[in-house]
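The values are calculated or read from the model by the stated rules, or taken from the named source; none is laboratory data. All values derive from a computational prediction rather than experimental measurement. All Cβ positions, glycine included, derive from the backbone under ideal geometry; neighbour counts span all protein chains shown.
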Amino acid sequence: MCGIVGAIQRDAGVVQTLLEGLRLLEYRGYDSAGVAVLDAGAIAIRRKAGRLERLELALTDGALSAARAGIGHTRWATHGPPSDENAHPHTDAEGRVALVHNGIVENWAELRAELEASGVRFASDTDTEVLAHLVGREVARGSSLFDAVRASLARVRGYYAIAALSLEEQGARLVCARSGPPLAVAAGPDGVYLASDVLALIAHTRDVVFLEDGDVAELELGRAPRVTRIDGTPVERPARRVEWDPEAAGKGSFPHFMLKEIHEQPDVLARTAFDRLRLESGDVDFGVPGFSDAELRAIDRVQVVACGTALHAGWIARYLIEGLARVPVDVDYASEFRYREPVLSASTLALAISQSGETADTLAALRLARSLGARTTAICNVLGSTLVREAQATILTQAGPEIGVASTKAFVAQCVAAYLFAVRLGRARGVLSLQQGRELVSDLRLLRPQMESLLGERAVSEVRAIARQNQSQRGFLFLGRGINYPIALEGALKLKEISYVHAEGYPAGEMKHGPIALIDPEMSILVVASRGPLAEKVRSNLEQVRARGGHVIVIGSDEESIAKSDEHVRVPVCSEWLSPILNVIPLQLVAYHMADLKGLDIDKPRNLAKSVTVE
Ligand code: AGP
């Protein structure tokens, strides 16, 4: 997944604007970056493999400081390794058009063959360069950039968010388009702008137009963006007010976004839950359509689809919905669900969970579920994302922008949203009494100070000591039972993705069916042990590990498990339904401190991207 930006300004200095935008989008992909601007009547391009800093260095000569119009790109490579030549922007042979692209041109090979047969010589291995030549050829035939982009995209199969500029337009217009990956445009007091993520727009204006799949937009100073379909049919796309605080996109006093976002989690709980709780009626009010008693009573099954960390929240949703609302729940990887010919009905609720709302597999799974007649609901963190626009109902999480590639606060927000949904569903179905509803609502209100206690100096120093003690281990096994089994999965994923150490999450009861063979002094076993109904079972699994000389780390509230451990982080006692939200915090911090001790790039782990908008 990549990040694209563009701007036409009243004043000079567009290079700085582009770089500031790319810095906010670097979490989307960071193996190369580049800009193209109109300068002194020509298209000037600077692009560099590696992090954005290398591109910034290439621009310190100030040679392009007078430019007012340009586009920029930060890349997560799909076709062609990271290199200066493969970095975007790409141009046509005559250098009359420059273009940046997020996505995949699936029919790039046949288009490239056609272009080469007509004498075009390619300068890169990328699919994107095909687009630059197609648009350049149309412009050479006399088309406006807007028409040239539309005509070229009519030949393309695949996913794209693109932006283009041309010599002919001399910086007076930029053209952009999307089908798949997100793209938003905006007109502010000082210019017009485009970006893959609102984060790069809200410094200029809060009124943002989210383009839809198949839209093409033309930006020009002094007027609202002109939006049509690829065939030229005009469409109205109203601007939406984005309330995110631009400061939220900064690190503040934290060394990494991930650590800042871990510490934001108590506030995220409050923002996601507290104004939706109704203590008097022991219920939840989402304040949006789709969650009435009648609508929810019509559901007889829930099918969760998601990827990665969001899927772990989906597993927790299963325990909550089945436990509190007594509705059967299936959970599946979106990438598996979309190809296994699932059986759904009109009384199935497809619940898609996604932080970004742009994950290709999750979107495809949601669309398949809808085509099979299921109702669709999303739990999502990004207003205006594709998932929010396509789902019939949405529970918006209020985590704010999550920049760290390893998801933390969005995960907690997803778990909170799942809890709220399970309470609403249980109350709508009459499975939860008024008293039960009131208890569940008040339990959630008690959670915030307990989360904060896990972020205090003492708890963090305990975690740091565990990370230091175990940083040379060959591997890690994370064990959990019941609603904390998905927390074992999530703890393992966090450790894998930011410290590059092998880690596996397992149901604790499964350990004796194979993984127990892995236990030796170089393998650390992290056991999530809550003082819940399964505490006794977890203790016996823990004994099985110790009997084989395994190194046991307990995270949880069960004192007897803590007494049997080599190391531990004590977690406050809370409702078992909410224990995952507390137990995950020390696991997030173990992964963070392990990666920090190893000196790794925590916010931009190797090979990863924040949202995978391609298959
Ligand atoms: C989370 O730490 C990972 N970066 C990744 O698994 C992520 O959860 C997954 O790609 C889903 O993203 P989404 O929530 O934006 O759909």
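Within the range 572-611, how many residues are within 12 Å of the ligand (Cβ to nearest atom), crowded, with 19+ Cβ neighbours inside 10 Å and not in a helix (DSSP H, G or I)?
So the count comes out to 7.
Where residues in the range 490-543 are of a type in the set (Asp, Glu) and within 16 Å of the ligand (Cβ to nearest atom), which of them is farthest from Ser557 (Cα to Cα)?
Checked the range 490-543; the qualifying residue farthest from Ser557 (Cα to Cα) is Glu497.
Among the residues of the range 152-164 satisfying the criterion of being surrounded by fewer than 18 Cβ atoms within 10 Å (Cβ to Cβ) and not charged (D, E, K, R), which is modelled with the lowest pLDDT?
Here the residue is Gly158.
Looking at the range 354-376, which of its residues are farther than 11 Å from Leu387 by Cα and among the hydrophobic types (A, V, I, L, M, F, W, C)?
Scanning the range 354-376 gives Leu368, Ala369, Leu372, Ala374.
Tell me, please, whether a residue that is charged (D, E, K, R), in a helix (DSSP H, G or I), more than 16 Å from the ligand (Cβ to nearest atom) and touching a Gly at 6+ places or on another chain (Cβ under 8 Å) can be found in the range 412-433.
Yes, that holds for at least one residue.
Arg278: in contact with an Asp or Glu (Cβ under 6 Å, 6 or more places away or on another chain), over 19 Å from Val208 (Cβ atoms) and either crowded, with 16+ Cβ neighbours inside 10 Å or touching a residue at least 60 places away in the same chain (Cβ under 8 Å) (or both), yes or no?
When the stated conditions are applied, Arg278 passes them.
Name the pairs whose Cβ atoms lie under 9 Å apart, with the first residue in the range 592-612 and in contact (Cβ under 8 Å) with a residue 24 or more places away in the chain and over 15 Å from Ile403 (Cα atoms), the second within 15 Å of the ligand (Cβ to nearest atom) and basic (Lys, Arg), and 6 or more positions between them or separate chains?
Leu600/Arg606
Give the residue that is modelled with the lowest pLDDT, with candidates limited to residues of the range 251-270 that are under 20 Å from the mean Cα position of the chain (by Cα) and surrounded by fewer than 17 Cβ atoms within 10 Å (Cβ to Cβ).
Among those residues, the one meeting the criterion is Lys251.
Go over the candidates Gln9, Gln16 one by one and state the one that is of a type outside the set (A, V, I, L, M), touching a helix residue (DSSP H, G or I) at 6+ places or on another chain (Cβ under 9 Å) and surrounded by fewer than 24 Cβ atoms within 10 Å (Cβ to Cβ).
So the residue among Gln9, Gln16 that is of a type outside the set (A, V, I, L, M), touching a helix residue (DSSP H, G or I) at 6+ places or on another chain (Cβ under 9 Å) and surrounded by fewer than 24 Cβ atoms within 10 Å (Cβ to Cβ) is Gln9.
Kindly indicate whether Asp300 is farther than 30 Å from Glu341 by Cβ, surrounded by fewer than 20 Cβ atoms within 10 Å (Cβ to Cβ) and either in contact with an Asp or Glu (Cβ under 8 Å, 6 or more places away or on another chain) or not aromatic (Phe, Trp, Tyr) (or both).
no
Rundown of residues vs (1) outside any loop (DSSP other than H, G, I, E, B); (2) more than 29 Å from the chain's Cα centre (by Cα); (3) surrounded by fewer than 19 Cβ atoms within 10 Å (Cβ to Cβ); (4) among the hydrophobic types (A, V, I, L, M, F, W, C), yes/no style:
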residue: Tyr485; (1), (2), (3), (4): yes, no, no, no
residue: Lys494; (1), (2), (3), (4): yes, no, no, no
residue: Glu497; (1), (2), (3), (4): yes, no, no, no
residue: Gly509; (1), (2), (3), (4): yes, yes, yes, no
residue: Lys512; (1), (2), (3), (4): yes, yes, yes, no
residue: Ile516; (1), (2), (3), (4): yes, yes, yes, yes
residue: Ser540; (1), (2), (3), (4): yes, yes, yes, no
residue: Arg548; (1), (2), (3), (4): no, yes, yes, no
residue: Ile555; (1), (2), (3), (4): yes, no, no, yes
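Does any residue of the range 392-408 turn out to be more than 21 Å from Leu211 (Cα to Cα), assigned to a loop (DSSP other than H, G, I, E, B), among the hydrophobic types (A, V, I, L, M, F, W, C) and away from the ligand (no atom under 12 Å from the Cβ)?
No; the residues of the range 392-408 include none that is more than 21 Å from Leu211 (Cα to Cα), assigned to a loop (DSSP other than H, G, I, E, B), among the hydrophobic types (A, V, I, L, M, F, W, C) and away from the ligand (no atom under 12 Å from the Cβ).
For the range 423-432, check the following and say yes or no: at least one residue is among the small types (Gly, Ala, Ser), surrounded by fewer than 18 Cβ atoms within 10 Å (Cβ to Cβ) and in contact with an Asp or Glu (Cβ under 6 Å, 6 or more places away or on another chain).
No, because not a single residue in the range 423-432 is among the small types (Gly, Ala, Ser), surrounded by fewer than 18 Cβ atoms within 10 Å (Cβ to Cβ) and in contact with an Asp or Glu (Cβ under 6 Å, 6 or more places away or on another chain).
Looking for whichever is crowded, with 16+ Cβ neighbours inside 10 Å, of a type outside the set (A, V, I, L, M) and in contact with a Gly (Cβ under 9 Å, 6 or more places away or on another chain) here; the options are His133, His101, His88. Which one fits?
His88
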